[in-house]
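Reviewing the structure listed below.
Rule-based calculations on the coordinates, nothing more; no lab input. Predicted model only: the values in this text are computed from it and were never measured. We place every Cβ from the backbone using ideal geometry, glycine too, and count neighbours over all the protein chains shown.
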Amino acid sequence: MSGRFVVVGAGTMGLGIAYVAAGAGYAVELVEVDPGRAADASVRLAALWERAVQRGKLGAEEAAGHRERVVLRPALGEVAPGPDVIVEAVPERLDLKRAVLREAAARRPALLGSNTSSIPITELATGLDRPEAFLGLHFFNPVWAMALLEIVVGPATAPETTDAAVALAGRLGKDPVVVRDMPGFATSRLGVTLGLEAIRMVADGVASPADIDKAMVLGYRHPVGPLELTDLVGLDVRLDIARTLQAAYGDRFAPPPLLAEMVAAGKLGKKSGQGFYTWEGGVKK
Ligand code: NAD
């Protein structure tokens with residue numbers, strides 16, 4: 001299998017998407033503007049392949065082959081025209097995503113996707129060249145472990161583009177759902193509701209974060225509690241999503257003051273080492 005797959009943004013999600021795309025045989029270009037983040041991404045990718053080998057999921061040679069297929073780029077301008085896929089996974093800000101998508105569209109990909117968690121595809125498509133080739137490709141964290149790909153279809157998305165996205169999901173080993181373009185789609189709208197309410201419960205002193213999570217895990221069979229999930233997603237990412245949903249649906253999605261305070265204090269969850277839990281070396285204490 002061959003093909004060229006470009007990922008923009010080497011953060012939590014971009015890294016995971018690049019890892020999975022390399023595993024599916026694509027030549028991957030991972031675009032990251034922040035040199036520190038780019039260096040970090042190389043180290044984290046290497047660690048992912050090493051762990052896959054240690055766990056017996058990949059042979060050493062196979063892992064080396066996957067690793068060789070990922071190249072880091074400092075800017076989209078350095079990507080040759082005509083890749084099969086470009087997916088942007090930059091922070092959840094409308095203006096930033098629009099600018100990145102316009103630049104990505106200029107590289108003439110066959111399929112252009114956004115990994116947005118909550119911003120309507122229609123808003124992202126404004127001013128975009130060939131909006132018919134554009135849709136939402138919403139992956140879940142961690143990308144290598146989560147089976148779902150939420151495909152978000154805007155009014156301008158061509159049916160062939162949706163078909164191509166469903167085929168892409170199959171190649172990446174993902175199980176897709178196709179949803180209509182609404183803020184928060186099918187997943188974030190429900191998932192964030194639970195996360196925000198759990199944060200309000202912490203602020204109200206209902207129970208400790210650990211006990212709120214335990215209640216949902218043992219009482220509702222959730223694989224992970226809403227506060228630990230917020231730590232995994234990133235408190236800053238959840239704050240951005242809540243603000244987008246508040247603008248669309250009103251104050252039922254207003255971010256709790258505790259969330260904004262924690263983000264302002266740099267408590268972003270697993271990635272910063274502190275959120276509702278303390279994390280050391282990526283492991284919850
Ligand atoms: P992140 O902050 O971890 O990573 C974003 C990366 O993009 C950073 O490394 C940043 O330096 C880089 N970046 C910024 N501007 C850029 C540009 N112009 N060109 C190239 N790189 C640029 O964010 P994340 O958690 O990976 O989230 C990315 C997107 O994925 C957001 O839209 C988010 O809503 C969505 N998402 C996140 C999760 C999650 O669990 N974190 C899950 C699903 C979807």
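FRET efficiency for Tyr249 and Ala145, Cβ-Cβ distance as r, R0 = 25 Å, nearest 0.05?
On the way: r = 30 Å, r/R0 = 1.19.
My answer for the efficiency is 0.25.
The fraction of Cα-Cα pairs per 5 angstrom bin, counted from 0 for the range 1-151, comes to 2, 10, 20, 23, 21, 13, 6, 3, 1, 0 percent, rounded to whole percents. Amide H to amide H distances under 5 Å link Val70 with Val28, where only residues 5 or more positions off or on other chains count and H is placed in the peptide plane.
Label-to-label distance, Val224 versus Val283, with points set 7 angstrom from Cα along the beta-carbon direction: 1.6 nm. Near Leu148, the amide H atoms lying under 5 Å from its own belong to Asp175; only residues 5 or more places off or on other chains count, and H is placed 1.01 Å from N. Available extension along the chain between Met182 and Ala99 is 27.8 nm, counting 0.36 nm per residue and deducting the alpha carbon span. For the chain, the longest principal axis of the alpha carbon atoms and the long axis of helix 159-171 meet at an angle near 80°. Give the angle, between 0 and 90 degrees and rounded to the nearest 10, that separates the Cα long axis of helix 94-105 from the longest principal axis of the Cα atoms of the chain. Once rounded, the angle reads 20 degrees.
Amide H contacts of Thr278 (H built 1.01 Å from N, in plane; Pro and chain starts excluded): Lys285 sit under 5 Å, all sequence-distant by 5 or more or on other chains. One quarter of the convex hull surface built on the alpha carbon atoms of the range 1-76 amounts to 4.5 nm², the projected area averaged over directions. Lysine pair count for the chain (Cα-Cα distance under 28 Å; residues 8 or more apart in sequence or on different chains): 23. Between the helical axis of 188-204 and the dominant principal axis of the chain, each derived from Cα atoms, what acute angle in degrees is found, rounded to the nearest 10? For 188-204 against the chain, the angle is about 30 degrees.
Against the empirical 2.2 N^0.38 Å scaling, what ratio does the C-alpha Rg of the range 187-274 come to? All intermediate terms of the calculation are to be shown ahead of the outcome.
Details: Rg = 12.2 Å, N = 88, 2.2 N^0.38 = 12.1 Å.
For the range 187-274, the normalised Cα radius of gyration is 1.02.
Dipole size of the chain about its Cα centre, with +1 on Lys/Arg Cβ and -1 on Asp/Glu Cβ: approximately 320 debye, rounded to the nearest 20.
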